[in-house]
1. Would you check which residues across segment 26-62 are of a type in the set (A, V, I, L, M, F, W, C) and crowded, with 16+ Cβ neighbours inside 10 Å and list them?
2. Only one of these conditions is not met by K176: (1) under 17 Å from the mean Cα position of the chain (by Cα); (2) outside any loop (DSSP other than H, G, I, E, B). Which number is it?
3. Residues that are surrounded by fewer than 16 Cβ atoms within 10 Å (Cβ to Cβ), among the basic types (K, R) and at pLDDT 95 or above: which helices (runs of 4 or more DSSP H) entirely in segment 63-164 hold 1 or more of them?
4. Could you say which residue among L3, L49 is assigned to a helix (DSSP H, G or I) and of a type in the set (A, V, I, L, M)?
5. Here is a check on your reading of the model: is A212 buried (at least 24 other Cβ atoms within 10 Å of the Cβ) and touching a residue at least 12 places away in the same chain (Cβ under 8 Å)?
6. For Y241, state whether it is at pLDDT below 95, aromatic (F, W, Y), surrounded by fewer than 23 Cβ atoms within 10 Å (Cβ to Cβ) and in contact with a strand residue (DSSP E or B) (Cβ under 8 Å, 6 or more places away or on another chain).
7. Among the residues of segment 221-233, what is the count of those that are surrounded by fewer than 16 Cβ atoms within 10 Å (Cβ to Cβ) and either modelled with pLDDT under 95 or touching a helix residue (DSSP H, G or I) at 6+ places or on another chain (Cβ under 6 Å) (or both)?
8. Scan segment 250-257 and tell me whether some residue there is of a type outside the set (S, T, N, Q), surrounded by 14 or more Cβ atoms within 10 Å (Cβ to Cβ) and modelled with pLDDT under 90.
Amino acid sequence: MILHLSDLHFGTENKDCMEAIRQFCQTHQPEAVVVSGDLTQRAKYIEFLHCKKFLDSLETPYLTVPGNHDISLFDLWNRVFKPFTRYRLFFGNTDSVFDTEHFYLIGLNSIRRRYHTRGHISMEQIQWVSNRLAEAPADKLKIVVTHQPFYVDSQHAHAVKDCPVQGRIALESWSKNGLFALLHGHLHQSAVYDLNYIYQLNAMHPVLEIHAGTAISYRLHHGFGNSFNVIQNDGTVQYYYFDDRTKRFRTNVLDEL
């Protein structure tokens, strides 16, 4: 199983949620932790440092990608000329591959200065991911991680404006190479969709779109509480929500395919 966290927004963290995630990792021993962006609130050095210490404290291998909050909003010089310097200092490359016993994980940076909220996937990234998916072991679930979702329900306030430019082109390529799921954050709301059905990709299998809520931040949206997802080895997706009474995360099954 892998633990899917998102939108940590260090600088606004809830310490009870942090401790509950540590306890979850100790109890369940996930193969990896995946964090789909917005590690920090304002891309400050101290926020990245605290995030790094927290993820290291889970004693579990992890993969991260940057979110739109992980490049400076107010420091225009850094935003224009060195947007990912602090991210790379603590977490390395913004695009990466991580292989576990049951999962093949590809982290992809969808953040751009010009598309701060919406995001963008380049043609080079699309080809790079397609090549990685084609090379991945056939017996592992192939997963791509980005911050922005590739689909948002039309009833959502953000809808299309928060889906990355060229995302549909990326899906058409990746679905031909065995993509099982995309993991995202950004909207602070959990959901699961089948993009193969929604976009008529003509893949021979479901292509899941898996959204995660905010795991530890008190910046809660639309009445949704703190939560995270778990993806089991058989592809089952489970939703865990934070119970203020017990100070633990409890589960509901989101989807089974």
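The values are calculated or read from the model by the stated rules, or taken from the named source; none is laboratory data. None of these values were measured; they are calculated from a predicted model. Heads up, the Cβs are rebuilt from the backbone with ideal geometry, glycines too, and the neighbour counts pull from every protein chain shown.
1. Of everything in segment 26-62, those that are of a type in the set (A, V, I, L, M, F, W, C) and crowded, with 16+ Cβ neighbours inside 10 Å turn out to be A32, V33, V34, V35, L39, A43, F48, C51, F54, L55, L58.
2. Condition not satisfied by K176: (1).
3. Because the criterion is at least 1 residues that are surrounded by fewer than 16 Cβ atoms within 10 Å (Cβ to Cβ), among the basic types (K, R) and at pLDDT 95 or above, the helices (runs of 4 or more DSSP H) in segment 63-164 that meet it are 85-91.
4. The unique qualifying residue is L49.
5. yes
6. no
7. 5
8. yes
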